[in-house]
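Quick notes on the structure that follows.
The values are calculated or read from the model by the stated rules, or taken from the named source; none is laboratory data. Keep in mind that what you see is a predicted model, and the values were worked out from it rather than measured. Virtual Cβ from ideal backbone geometry, glycine too; neighbours counted across all protein chains shown. Only protein heavy atoms, including side chains, enter the accessible area calculation; ligands, DNA and RNA are left aside. Shrake-Rupley method; radii C 1.70, N 1.55, O 1.52, S 1.80 Å.
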Amino acid sequence: MKKYIFSFLFVVLVANVYAQSITDSLHHEVLLETDSGNIRIELYNETPRHRDNFLRLVRRGAYNGVLFHRVVKDFMIQAGDMASKTAKPGQALGDTPETYSLPAEIDYPKLLHRRGAVAAARESDDVNPKRMSSSSQFYIVWGIKFSDGQLDWAQERLNAHTDSTVQMTAEVRQMYKEVGGSPHLDGQYTVFGQVLEGLDVVERIQRQPVDANDRPLVDVRVHKATVLK
């Protein structure tokens with residue numbers, strides 16, 4: 001009997017390892033259908049906690065109806081505050097209590113704040129020194145194409161906020177000059193995905209007029225989020 005139990009456990013173990021390898025090799029994608037157009041996102045396997053959390057929330061329908069509640073031109077667009085689904089016009093958003101947070105999965109310099117990057121929002125370092133991520137709020141980077149002088153400024157900011165541990169290589173600097181993004185956030189927030197299609201939609205949203213809290217004057221809503229694969 002012990003022999004058969006051992007054989008069964010071995011088969012289960014092999015099956016679990018095989019299933020995990022399939023999951024790790026699959027590049028999951030999510031579609032955000034907004035009233036400004038569709039945005040297709042790839043999720044990174046290098047950030048499994050954030051990937052799985054985002055997939056779980058999408059499958060539960062958690063993002064259906066949320067607003068892009070914070071929009072900063074030439075920087076980023078942010079969504080995922082669950083209170084935004086029923087928010088009144090002009091209501092301040094972004095500080096809705098959450099029941100859990102996610103450990104940081106920062107993978108610099110592999111995962112950067114290039115244009116189209118999808119990253120987890122979080123509270124500031126003074127109250128969140130471990131840089132734990134919000135359970136649901138995320139942002140999509142737009143940014144700008146940087147000049148050498150602007151990149152020097154960004155490096156100075158990185159030095160101040162990361163104790164000089166995040167250094168832009170020549171290749172990274174060139175990417176930010178050609179592609180654009182927000183390099184001053186690198187090494188401090190978890191980047192867990194990238195826009196594959198719909199950057200034109202991101203651009204339209206980031207241009208929306210906003211109030212004093214950076215909330216668009218006309219609501220921009222995610223009507224439906226779907227796991228494509």
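Each residue in the range 90-109 was checked for being in contact with a strand residue (DSSP E or B) (Cβ under 9 Å, 6 or more places away or on another chain), assigned to a loop (DSSP other than H, G, I, E, B) and either open to solvent by less than 40 Å² (accessible area, probe 1.4 Å) or under 18 Å from Gln194 (Cα atoms) (or both), and 7 pass. Evaluating Arg114 against the criteria (1) over 19 Å from Glu203 (Cα atoms); (2) touching a residue at least 24 places away in the same chain (Cβ under 8 Å); (3) touching a helix residue (DSSP H, G or I) at 6+ places or on another chain (Cβ under 7 Å) leaves one unmet condition, (1). Taking the range 122-139 as the range and being open to solvent by 50 Å² or more (accessible area, probe 1.4 Å) and either aromatic (Phe, Trp, Tyr) or in contact (Cβ under 8 Å) with a residue 12 or more places away in the chain (or both) as the test, the residues that pass are Asp125, Lys130, Met132.
Filter the range 174-199 down to residues that are open to solvent by 10 Å² or more (accessible area, probe 1.4 Å), within 28 Å of Leu228 (Cβ to Cβ) and of a type in the set (Gly, Ala, Ser), then give me how many there are. The total comes to 1. Within the range 150-173, the set of residues being open to solvent by less than 50 Å² (accessible area, probe 1.4 Å) and of a type in the set (Gly, Ala, Ser) comprises just one member, Ala154. When the criteria are applied in full, Ala119 fails the requirement of being in a loop (DSSP other than H, G, I, E, B), small (Gly, Ala, Ser) and crowded, with 16+ Cβ neighbours inside 10 Å.
Working only within the range 35-75, note down all residues that are of a type in the set (A, V, I, L, M, F, W, C) and either assigned to a helix (DSSP H, G or I) or in contact with a Cys (Cβ under 8 Å, 6 or more places away or on another chain) (or both).
As a first pass, look at the range 35-75 and keep what is of a type in the set (A, V, I, L, M, F, W, C): 39, 41, 43, 54-55, 57-58, 62, 66-68, 71-72, 75.
Result: Phe54, Leu55, Leu57, Val58.
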